[in-house]
Structures are given as structure tokens and as C-alpha cells.
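Below: the structure, in C-alpha cells.
The values are calculated or read from the model by the stated rules, or taken from the named source; none is laboratory data. None of these values were measured; they are calculated from a predicted model. We place every Cβ from the backbone using ideal geometry, glycine too, and count neighbours over all the protein chains shown. These area figures cover heavy atoms from the full protein model, side chains too; ligands, DNA and RNA do not enter into them. Shrake-Rupley method; radii C 1.70, N 1.55, O 1.52, S 1.80 Å.
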Amino acid sequence: MNWREIYADRICSAEEAVGKIKSGDRVVVAHACGEPVVLTDAMTACAEKYGYKNVEIVHMVAMGKAGYCAPEMSEHFRHNALFLGGSTKAAIAEGRGDFTPVFFSEVPALLREKLHPNVALLQVSEPDEHGFCSYGVSCDYTKPAAEAADLRIAQINPKMPRIFGDNFIHVSNLDVIVEAETDLIELQPPKIGDVQRKIGENIASLVKDGDCLQLGIGAIPDAVLLFLKEKKDLGIHSEMFSDGVVELINAGVITNKCKQIGNGKCVATFLMGTKKLYDYANDNPSVELKPVDYVNDPYVIRQNDNVVSINSCVEVDLMGQVCSESVGLTQISGVGGQVDFVRGANMSKGGRTIMAMPSTAAKGTISKIVPFLTHGATVTTSRCDVDYVVTEHGIAQLRGNTLRERARQLIAIAEPAFREGLIAEFESRFHCAYTE
Ligand code: COA
């Protein structure tokens with residue numbers, strides 16, 4: 001059979017497709033905006049009909065409804081989260097799901113070696129004339145999961161962009177095909193307040209012409225982009241990027257021409273943004289998505305000079321230990337690619353690592369610079385890996401500095417209302433007076 005015949009032979013409805021899932025299966029769902037919502041919704045809707053028992057659902061960021069996390073679905077599904085989001089947090093907090101800590105770069109190996117997927121739920125573009133479909137906006141662990149799975153069920157969505165890189169699967173490797181044209185999940189640009197603008201301005205002061213950037217998700221990375229308009233020849237080698245990057249490409253600020261690897265191209269492992277971003281990336285040879293065990297590998301990241309990683313965190317203690325994924329014992333996200341990029345940037349010639357956060361949380365009632373991490377909090381980035389910490393009040397540079405100097409600099413960028421308590425801790429810990 002040629003690929004067109006194979007394609008026609010494997011088409012069925014979403015309801016029929018999810019009927020292939022068996023009790024006890026481990027189902028890996030495509031990441032973030034690549035989630036095949038038609039399939040995840042059908043799987044949840046058909047849980048009773050097919051009598052699923054103990055189906056394990058594995059994924060990172062869930063941007064869909066995550067109906068399988070609902071309390072009434074407990075006997076059918078159990079979520080094993082490699083990263084938490086809004087729709088999955090409650091299931092983990094209430095004990096109806098589990099969390100597995102893992103560096104994003106190591107997720108493909110985890111799926112190949114330990115969490116073998118029985119089923120991969122995918123969403124891909126229409127095939128090209130040679131029968132290749134693009135994984136579109138999510139290559140990350142999605143492609144490795146598909147390659148490791150016993151059964152691949154794919155939503156073929158004409159709206160999924162074709163994005164270059166190592167980001168394709170041949171129709172003959174799709175076991176079950178569901179044709180469904182649906183809008184892709186979008187992430188709208190965040191609101192940027194005064195505090196985020198000030199943080200963005202502080203971070204931008206650390207960025208030089210020719211730097212190669214990694215940007216996390218959210219208001220702070222987007223705020224930085226506002227202050228990079230006067231820079232020249234920036235590059236992107238990032239876990240993901242969003243709409244703000246397109247503006248800087250169009251303004252001629254991002255050219256990727258100083259990169260040692262991926263020269264002339266924005267390289268990432270997934271995209272998260274609006275249709276504007278997806279349209280830009282579609283069929284565009286200057287954008288490449290590759291699997292996360294390549295993009296996030298610190299030894300790949302380091303091959304570019306002047307890598308600057310920009311990430312956010314929950315709290316930082318006076319030694320520079322960074323918690324980015326839990327509030328005390330309550331897991332709120334995951335390590336994601338934070339440590340992958342911190343390590344890669346630290347190893348890059350001329351590289352810099354920036355951890356940025358507002359100085360307070362909970363409407364100014366909690367300092368995010370603390371004497372000790374909250375009881376139960378996770379050390380996401382260790383004190384040996386951390387370098388710049390940025391708040392709206394300034395920049396602390398920690399790497400290579402003593403514990404005493406670290407504490408001094410961190411206190412100087414804490415919210416003034418909390419400095420007195422931090423200074424008292426400094427003076428008792430270091431047996432000397434605090435000076436600015
Ligand atoms: N104490 C108590 N609560 C805190 C807190 C603190 N020190 N810091 C944050 N919070 C709360 C916030 O109030 C908010 O609560 P809410 O959801 O009830 O509003 C919640 O934690 C999330 O904080 P927020 O500042 O809104 O998060 P964010 O969207 O800016 O994301 C991280 C910040 C750290 C959670 C996020 O960057 C992350 O998950 N990082 C780890 C992964 C990573 O870096 N990936 C990068 C590669 S893309």
C-alpha cells in the first residue's frame with residue numbers, strides 16, 4: 001500500500017480511536033499547545049463506555065480541560081504529572097494523582113527506559129506530498145513518546161502548522177488516524193504590570209548584543225523583550241518561545257547570526273502563544289523545533305557562546321538556593337527546563353544565568369527572599385548553579401561569591417519592608433553588622 005492508502009485505511013472517529021486504550025495502559029499525551037483535545041476529551045467522555053480501569057495519564061503542561069483529573073474519574077484514570085498546571089494541580093494536591101520529578105531534557109529517556117508508553121495521543125499536521133506530518137508546535141517529548149509507544153493515535157489537524165527541524169512523523173507510523181480540524185490551543189500574552197516592567201528593564205541591562213537567549217513562560221520573559229528593542233543580533237536557543245519573539249525578529253533585533261549552532265535559526269522544542277506565532281512558524285525555514293533531549297541538553301546549549309537563560313522562581317533563600325516549583329510542600333509546577341538551561345548557560349563561553357521574580361508574593365504580604373526556604377520547599381536550582389537574581393529592586397550576583405556576600409546582595413534587592421528581618425538573620429548568622 002502507498003501512504004495515501006495506508007492513511008485512508010487507518011481513519012476512524014475519535015470515539016473509535018480511544019476505544020483502543022485498554023485498562024492498565026500508560027497513555028502519554030502530547031505537550032502543551034500540541035494537546036490533541038479531540039482525543040483527550042473523547043477519552044474522558046468514553047471512560048464509562050469502555051470501562052477503563054487504572055489508565056495512567058502521563059504528560060507535562062496540560063493546556064486542555066484535563067477531564068481525567070476530575071474526582072469522578074478516579075477509578076478510570078490516574079494522572080502521573082511530570083509538570084503541573086492549572087488544570088492538574090488539584091488532582092495532585094488531593095492525592096488523586098502523582099508527581100514525578102524529572103529534568104525536561106531527561107523525559108525522553110525516562111519514557112524509553114522506565115515509563116514505557118502503551119499509547120501516545122498526538123496531534124499532527126496534514127501529510128505533505130511524501131506522507132510526512134509535522135508534530136507542529138510541540139516536538140519536545142512528544143516525538144520521542146510517539147517513537148517509544150506501542151500504539152500511536154493521532155488527530156490530523158489542518159490547522160497544525162508545519163514546523164521544520166527534527167519534527168516529522170510518516171503516516172505509515174501512525175496506527176490510528178482521526179481527522180479533526182480544530183483551533184489550536186493558544187496562550188494569550190500576559191498582562192505586564194509596573195513590577196514586571198522594572199524587572200524586565202533590570203534583566204535587559206544584563207543582555208548584550210549578540211547574546212543567545214533562553215526565555216521561560218510568563219510576564220517576566222515577555223517584559224524583558226520590551227527592553228531589548230535597541231539590542232543587535234540576538235539569538236534564540238530556548239526551550240520554548242512565544243509571540244514577543246516574533247516582534248523582535250520583525251524589528252531586526254533577533255537575527256541568530258552570532259550563534260555557533262543553529263546559526264540563522266530560532267531553535268526551540270515547543271511553541272506556546274497565539275495564532276500570530278503559529279502562522280509565523282508555519283513553513284518557515286528560520287524556525288526549527290527539535291526533541292527536548294537535544295534542545296535542552298546542557299552540552300548542546302553550551303555550544304553557543306554568550307547563552308543567557310532567563311527564568312522565574314517562587315523563593316530564594318539567603319544562600320541562593322532557588323525554589324521554582326512548590327509553595328512549601330505543595331507542588332505548583334516542576335523543574336521543567338530550568339536547570340537544563342542554567343547549567344548550559346553556566347558552561348557557555350560568556351554565558352549568564354538569570355533568575356527573576358517580584359520581590360513579594362500574595363499582594364505584598366510575603367517576601368520571596370527568605371532566610372530559609374519554606375518548610376517542604378524544593379531546591380530547584382542549587383546554590384552552586386545560581387548566578388544573577390533579579391527583582392524590581394535590583395540585581396544580585398551570587399556565583400563565585402561567599403555566603404555572606406550572597407546574603408548581603410540578596411537583602412539589597414528584597415522588598416524594603418522585609419529587610420529588617422533579613423538583616424537580623426544576616427547579623428546572627430555571620431556575626432557581623434550588615435552594610436549596604
Ligand atoms: N510564597 C507563597 N506563594 C507564592 C510565592 C511565595 N514565595 N511565590 C509565588 N507564590 C504563589 C503566587 O501567589 C501564585 O499563587 P496563585 O496561583 O494562587 O495566584 C502562584 O504561587 C504562582 O506564582 P506566580 O508568580 O503567579 O507564577 P508565575 O506564573 O510567574 O510562574 C514559576 C513562576 C516559578 C511558578 C514558574 O516560572 C515555574 O514554574 N518555573 C519552573 C519551571 C521553569 O523555570 N521553566 C523554564 C523553562 S520554560
For Ile92, the lone unmet condition from (1) touching a helix residue (DSSP H, G or I) at 6+ places or on another chain (Cβ under 7 Å); (2) touching a residue at least 40 places away in the same chain (Cβ under 8 Å); (3) more than 13 Å from the ligand (Cβ to nearest atom) is (1)
Every listed condition ((1) within 13 Å of the ligand (Cβ to nearest atom); (2) of a type in the set (Ser, Thr, Tyr); (3) open to solvent by 10 Å² or more (accessible area, probe 1.4 Å)) holds for Thr353 save (3)
Log entry, pairs with first residue in region 2-23 being free of Cβ contacts under 8 Å to residues at least 40 places away in the same chain, second being part of a helix (DSSP H, G or I) and surrounded by fewer than 13 Cβ atoms within 10 Å (Cβ to Cβ), beta carbons closer than 9 Å, six or more apart or on different chains, reads Glu15/Lys49; Gly19/Lys49
Of all residues in region 210-267, which are within 16 Å of the ligand (Cβ to nearest atom) and polar (S, T, N, Q)?
Gln214, Ser238, Ser242
Which fully enclosed strands (runs of 3 or more DSSP E) of region 42-106 have 1 or more residues being acidic (Asp, Glu) and either modelled with pLDDT of 95 or more or over 21 Å from the mean Cα position of the chain (by Cα) (or both)?
55-59, 97-99
Could you check region 360-386 and list, in sequence order, the residues that are within 10 Å of the ligand (Cβ to nearest atom) and not β-branched (Val, Ile, Thr)?
Ala361, Ala362, Lys363, Ser367, Lys368, Leu373, Ala377
Give region 303-338 a look and list any residue that's open to solvent by less than 10 Å² (accessible area, probe 1.4 Å), out of contact with any strand residue (DSSP E or B) (no Cβ under 7 Å at 6 or more places or on another chain) and either under 22 Å from His59 (Cα atoms) or within 9 Å of the ligand (Cβ to nearest atom) (or both), or say none.
Ser326, Gly328, Gly334, Gly336, Gly337
In this structure, does Leu410 turn out to be open to solvent by less than 30 Å² (accessible area, probe 1.4 Å) and within 16 Å of the ligand (Cβ to nearest atom)?
yes
